[in-house]
1. At 7 Å along the Cα-to-beta-carbon direction for both Arg133 and Glu302, put a label point, then send me their distance in nm to one decimal.
2. Tell me the per residue accessible area of the stretch 223-356 using a 1.4 Å probe; a whole number in Å² is fine.
3. If a paramagnetic tag sat 7 Å from the Cα of Ala197 along the Cα-Cβ line, which residues of the stretch 246-269 would have the backbone N under 15 Å from that point?
4. Nearest 0.05, what FRET efficiency do Arg212 and Lys116 give at R0 = 45 Å with Cβ-Cβ as r?
5. Among the listed pairs Lys175/Lys291; Lys240/Lys266; Lys216/Lys240, which have their C-alpha atoms separated by more than 22 angstrom in this model?
6. Count charges around Glu251 for me, please; just the other residues with Cβ under 15 Å from its Cβ, Lys/Arg as +1, Asp/Glu as -1.
7. On a 1.4 Å probe surface of the protein chains, which of Ser355, Ser393 comes out largest in accessible area, and what is the full order?
8. How would you classify the stretch 240-294 from its alpha-carbon gyration tensor, with a ≥ b ≥ c the square roots of the eigenvalues: rounded for a/c under 1.5, else prolate if a/b is greater than b/c, otherwise oblate?
Amino acid sequence: MSDWLRWLLIALCLVLALIVVWYGRRGGSAFAGVTWTQRKREVRRRGMAVSVLGWLVVALLVAGATGSGLLWFLGWPRLPTAGVFDVAQVLDLLKIALSVVAGFGGVVLLAVNYRKQRVTEEEHALAVEKADREVVQKFNERFGSAAEQLANDSPAVRLAGVYAMAGLADDWADKRQVCVDVLCGYLRITREADGEAEVREAILRVIRDRTRQSGKPSWSALDFDFTGVTFENADFARRKFSGEVLFDGAEFVGGVASFAGAEFGKLLSFHGARFSATDTNFAGLTLTAGKAEFVGAEFAGETVDFADGYLQSSSVAFFRCRFAASRVDFSQLDFTFGRMVFDRCDFADLELDLSIGRDDQPFSLAPLLAENCRFERCRIELGSGGQGVKLASCVLDTVTVGDTGEYPQAHPWPDNELRGGTSLPGHYVTPSSAPRPGTPALEG
């Protein structure tokens, strides 16, 4: 055999091997039953005979490539004719042939076992998929049953529907948010019926139970939409919410509306909310991220308490809010890259405690800022010098400012209009923020 023919044979074997590998990687292998290491799609189903044939072809290609490579390495030696072999050599050749046949038999056995394994795996996957479908079907049936109970005319049936929906939310993690949305949606529906107060209280109870900081299963990571809901003696104290919580248009009535010690990690929204409870308590409120928005909110009642709040990389914004409670407390706030802003808010006939600063907590910037606000007949308590508080472009009408003067104000209050005998200590004013014409003189 000439050299060029030898090289052509080797090249053909390599081309065939590359074609087999290429088809296998595309997931459309011509040799069904062969598994490829980097296959991206499932090979098509083939019969057992085709699968075995595919394995044999691969084995032949591997054997042919190995033999050709060995002969090429040995310089393509000329093999002796059959007549020169004695009996012992012939027996050795027969042993080699039988070993080759046994090797091909092993390939066939491997193909059969592989095929059986694949069938077993596919059957198992189908069984798991069927079981999952049955589980989802049961969940859907429970969901439909609970929804029907919530729509029933009987208060006892509706109450059972509340606990059925809550139990489903505990068991069905993938659709837990949907179940909670249904419960919150029920609260948003105005319905006059017997036992309705007990049903609504049951919904709030299951929400409180599952948003405790140590509650299991926990709903704290979910979103809650209480838009337009009326809460009587609302109690969200020491609860944890990591998702968005909306109280837009909500009304809080009764003796108390408590968010004391509650923790929020995303958006907390009170757009258009009305706080009419005797005591509104946000003391110890924690915002670990996100922000709290009070837009167009109204605070009535006797006390509004935001004391000892903790703002970590978050902000609290009051925009066009009205404060009409007898006492409003923002004292001892702890700011860690957080801020509280009042914009276009009205304060009337109240005591306002803004003594947020502490002796060991100097502020390089003012974390509490009030702009374009109106203060009428108020007493503003600033503690030891109003550390961290800044009023700008505000109207102060008949306002008394309490300031011990121990730590002079580090953030002057510019462009404020003073009326009704209001006066400020001199260190609250800079030359650029002299009183406007017609306003009383400032104490200096």
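The values are calculated or read from the model by the stated rules, or taken from the named source; none is laboratory data. Quick caveat, the model's predicted, so the values are computed rather than measured. Every residue, glycine among them, receives a Cβ derived from its backbone with ideal geometry; neighbour counts consider all protein chains shown. SASA here: full protein model, heavy atoms, side chains in, ligands and nucleic acids out. Shrake-Rupley method; radii C 1.70, N 1.55, O 1.52, S 1.80 Å.
1. 6.4
2. With all protein chains present, the stretch 223-356 gives 36 Å² per residue.
3. Under cut-off, by backbone N: 253-256.
4. Working: r = 53 Å, r/R0 = 1.17.
Given R0 = 45 Å and the Cβ-Cβ separation, E is 0.30.
5. Working: Lys175/Lys291 27 Å; Lys240/Lys266 11 Å; Lys216/Lys240 12 Å.
Cα-Cα > 22 Å for Lys175/Lys291; rest within.
6. Net charge around Glu251: +1.
7. Ser393, Ser355
8. Oblate, since a/c reaches 1.5 and b/c is not below a/b.
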